[in-house]
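*Asks:* The structure's right below; bear with me while I get my questions together.
The values are calculated or read from the model by the stated rules, or taken from the named source; none is laboratory data. Keep in mind that what you see is a predicted model, and the values were worked out from it rather than measured. For neighbour counting, all protein chains shown are included, and Cβ atoms are generated from backbone atoms with ideal geometry for every residue, glycine included. Ligands, DNA and RNA are excluded from the accessible area calculation, which covers all protein heavy atoms including side chains. Shrake-Rupley method; radii C 1.70, N 1.55, O 1.52, S 1.80 Å.
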Amino acid sequence: VDSGGEGQCDDMKTIDTRSTSGQTRRVYTIVHHSIDARDGVGVSAVVTEGHGMVHGRIVRKQIWIIIAFIFGFSWFGIIVGIFGFPAGRTSEWIAAAPLDLTGGGGGGASFSASAGKLQARAGLEKAKHLIMVAGHTVFKGTDYAEPGVDAQDWVLLDYQSKQLDSYLQHIRVAVGLAAEDEESLVLFSGGATRETAGPRSEAVSYWLYADAQDWFGYNRPKNSTAKDKTALPVRERVHTEEFARDSFQNLLFSICRFKQLTLTYPSKITVVSLPFKENRFHTLHREALRLPSSAFSFVGVGDATPEAVEGERKNSVVPFTSDPYGCHGSLKEKREGRNPWNVESPYPKGCPELRGLFEFCGDGIYPGPLPWDRK
């Protein structure tokens, strides 16, 4: 409706009739749908019957409120887009922490808005010792209580068919080592590498297996005879790293994950794996990361067949010797083949000091500074 001309409306309803100066005037409620096709906006007008001229003033208060809101919000968006959030306040507006993917064992550091920074997961600020278990298989069954009974519940390649017992021993041994060292943190490392298992990771498979076994009796209560009464039970010191797709990434990603959880880098690292992989971890990967030998240990668990030893030499030791960071050739193809779900690694988020190392793909050893360099 326009006060100076003709107008249209979707509905007109007489709500009052009265006479003034010999003329009959009616007050109408006009429901106009030009703003939103779903919700009419009511405006009132006084119309002289028989002449169709509007003598009253149309009330458009609601429309102006909407227009003012849209205009103001649009300018706010433009200003934020150009200048960003006010300096020093961003962390109080938006905060994120790593996801808990294990239902109790994979949580990350928490965010403190008042402090404006991440805080170590409760109790893990004392952790100094990283115990890393490289995953090899994914559980595809439903009962974790006795998964070792039927190897069909695990996704195993042909050469792994006789190694399941060793893989499960790795889990038990790592949990036992954690029980002996109250300043340790276990990380089961391995992504969702097997398409036939669905989007399940090696790391979570290992964590759930240990949980179903009640942590092999090592999950002592806090009021036990432990030296440190405030030390966390074993279950709360076992977490997951779910993005690694080969042994080099197992080690590098676990170091970064340790930093995410504790806000510090480990001062000691222990790797639990198959015995014939010691050279790969202790020599090739450790040297590629420039980790000090004095702070690095390897625990070999399981049997090694002649075929497995030859496969290790041909498919891992030789390629990693010439390509320490796995950026080219068969090592690159292997990583790509172990990512059926197109998962993107979040690292080096949480460990910015390692950005250069994560991005390095040279044939030599990374030359940049590292947090564990000797001062």
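*Asks:* If you go through the range 297-311 one residue at a time, how many are touching a strand residue (DSSP E or B) at 6+ places or on another chain (Cβ under 8 Å) and in a loop (DSSP other than H, G, I, E, B)? So that I can check it myself, show each step before the final result.
*Replies:* From the range 297-311, those touching a strand residue (DSSP E or B) at 6+ places or on another chain (Cβ under 8 Å) are 297-301; that's our starting set.
Checking the rest, the ones that are also in a loop (DSSP other than H, G, I, E, B) come to 301.
Residues meeting the conditions: 1.
*Asks:* For the condition out of contact with any helix residue (DSSP H, G or I) (no Cβ under 7 Å at 6 or more places or on another chain), among the hydroxyl-bearing types (Ser, Thr, Tyr) and over 22 Å from PHE258 (Cα atoms), what is the one hit in SER316, SER322?
*Replies:* SER322
*Asks:* Looking at the range 152-198 only, could you name the residues that are part of a strand (DSSP E or B) and more than 25 Å from GLY337 (Cβ to Cβ)? Even if it seems obvious, please write down each step before you answer.
*Replies:* Residues of the range 152-198 part of a strand (DSSP E or B): 154-155, 184-189.
The answer is SER184, LEU185, VAL186.
*Asks:* Got a number for residues in the range 158-178 being under 14 Å from MET132 (Cα atoms), open to solvent by 70 Å² or more (accessible area, probe 1.4 Å) and of a type outside the set (Lys, Arg)?
*Replies:* 1
*Asks:* Looking at LEU261 and the list (1) under 16 Å from the mean Cα position of the chain (by Cα); (2) open to solvent by less than 40 Å² (accessible area, probe 1.4 Å); (3) under 23 Å from THR137 (Cβ atoms), which single condition is not satisfied?
*Replies:* Going through the list (1) under 16 Å from the mean Cα position of the chain (by Cα); (2) open to solvent by less than 40 Å² (accessible area, probe 1.4 Å); (3) under 23 Å from THR137 (Cβ atoms), LEU261 breaks only (3).
*Asks:* Only one of these is crowded, with 23+ Cβ neighbours inside 10 Å, farther than 22 Å from GLY368 by Cβ and not charged (D, E, K, R): SER297, SER254, SER273. Name it.
*Replies:* Criteria check complete, one pass: SER273.
*Asks:* Is there a residue in the range 124-142 that is buried (at least 17 other Cβ atoms within 10 Å of the Cβ) and over 26 Å from the mean Cα position of the chain (by Cα)?
*Replies:* No, the range 124-142 contains no residue that is buried (at least 17 other Cβ atoms within 10 Å of the Cβ) and over 26 Å from the mean Cα position of the chain (by Cα).
Residues checked against (1) out of contact with any His (no Cβ under 7 Å at 6 or more places or on another chain); (2) closer than 16 Å to GLU236 by Cβ; (3) among the polar types (S, T, N, Q):
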{"site": "HIS129", "(1), (2), (3)": "yes, yes, no"}
{"site": "ASP143", "(1), (2), (3)": "yes, no, no"}
{"site": "ALA151", "(1), (2), (3)": "yes, no, no"}
{"site": "LEU156", "(1), (2), (3)": "yes, no, no"}
{"site": "SER161", "(1), (2), (3)": "yes, no, yes"}
{"site": "ALA178", "(1), (2), (3)": "yes, yes, no"}
{"site": "ASP181", "(1), (2), (3)": "no, yes, no"}
{"site": "SER184", "(1), (2), (3)": "no, yes, yes"}
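*Asks:* Please find, within the range 316-330, the residue that is farthest from the chain's Cα centre (by Cα) out of those that are open to solvent by 70 Å² or more (accessible area, probe 1.4 Å) and over 18 Å from HIS282 (Cβ atoms). Steps first, answer last, please.
*Replies:* Here is the first cut: in the range 316-330, the residues open to solvent by 70 Å² or more (accessible area, probe 1.4 Å) are 318, 321-322, 328.
Still in the running and over 18 Å from HIS282 (Cβ atoms): 322, 328.
On the way: SER322: 32, HIS328: 27 Å.
Within the range 316-330, the match that is farthest from the chain's Cα centre (by Cα) is SER322.
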